[in-house]
Amino acid sequence: MNTQKTSQAPLMDIHAILENLPHRYPFLLVDRVLSIEPGKRIVALKNVTINEPFFPGHYPHHPVMPGVLIIEAMAQTAALLSFQSMERKLDEKSVYYFAGIDGARFKRPVSPGDQLVIKAELTRSMRGVYKFKAEAEVDGQLVAEAELMCTVKTVD
């Protein structure tokens, strides 16, 4: 029996997420972290409900989660990985910004009742800029993918 400790951090519930991301309702798009390996990868969850504030206008007769919000959920997931990898907590002087989005592709719509599983893998970190390969799935089917670049800046 292997008794070595793994480098995998504990799961994050909504309370831990709120401590690590500046986003709040209605723009917080991560409900739970299912697994995380600091410096490597993360898997998070977004429960998509009909109560989301964007559904009445996108679209009233056929509600679909906007693709830009799927990308934002992937970026928030990547931000959680970044903060865990840097072993630092969110503070009032730190802001996490997008620096670029490449290769964004949408494979199928996301609807109310879907459970969005978001995966992000850190592919490069250099001078405070982080690059991720990110994917979102519903029921094991790819719904979106992109390469994201993000950075943490200090503001006054």
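In the stretch 6-25, the residues that are over 22 Å from E52 (Cβ atoms) reach residues that are modelled with pLDDT of 95 or more and in a loop (DSSP other than H, G, I, E, B) with C-beta atoms within less than 9 angstrom, at least six apart or across chains, in these pairs: S7/K40.
Taking the stretch 29-40 on its own, how many of its residues are surrounded by fewer than 16 Cβ atoms within 10 Å (Cβ to Cβ) and either modelled with pLDDT of 95 or more or β-branched (V, I, T) (or both)?
Taking the stretch 29-40 and keeping what is surrounded by fewer than 16 Cβ atoms within 10 Å (Cβ to Cβ), we get 32, 34-35, 39-40.
Subsequent filtering for residues that are either modelled with pLDDT of 95 or more or β-branched (V, I, T) (or both) retains 32, 34-35, 40.
The number of residues fulfilling the criteria is 4.
Give me a count of the residues in the stretch 47-96 that are closer than 21 Å to E145 by Cβ, outside any helix (DSSP H, G or I), in contact with a strand residue (DSSP E or B) (Cβ under 8 Å, 6 or more places away or on another chain) and not aliphatic (A, V, I, L, M). The total comes to 2.
In the stretch 55-71, the qualifying residues are those that are under 18 Å from the mean Cα position of the chain (by Cα) and surrounded by 14 or more Cβ atoms within 10 Å (Cβ to Cβ), and the one that is farthest from D114 (Cα to Cα) is I71. Search the stretch 105-125 for residues that are over 11 Å from E135 (Cα atoms) and without any contact (Cβ under 8 Å) to a residue 24 or more places away in the chain and pair each with any residue that is part of a strand (DSSP E or B) and of a type outside the set (V, I, T) when their beta-carbon atoms are under 6 Å apart and the residues are at least 6 apart or on different chains. Correct list of pairs: R124/K131. Applying the condition of being modelled with pLDDT under 95 and polar (S, T, N, Q) to the stretch 77-109 and asking which residue is surrounded by the most Cβ atoms within 10 Å (Cβ to Cβ) yields S82. Of all residues in the stretch 110-156, those that are part of a loop (DSSP other than H, G, I, E, B), β-branched (V, I, T) and either surrounded by fewer than 21 Cβ atoms within 10 Å (Cβ to Cβ) or modelled with pLDDT under 95 (or both) total 1. Contact map, the stretch 85-97: residues that are in contact (Cβ under 8 Å) with a residue 60 or more places away in the chain paired with residues that are exposed (fewer than 12 other Cβ atoms within 10 Å of the Cβ) and in a helix (DSSP H, G or I), Cβ distance under 8 Å, separation 6+ or inter-chain. Pairs shown: K89/E19; L90/E19.
The values are calculated or read from the model by the stated rules, or taken from the named source; none is laboratory data. On a predicted model such as this, the values are computed, not experimentally measured, just so you know. Ideal geometry is used to build each Cβ from the backbone, glycine not excepted, and the neighbour counts take in all protein chains shown.
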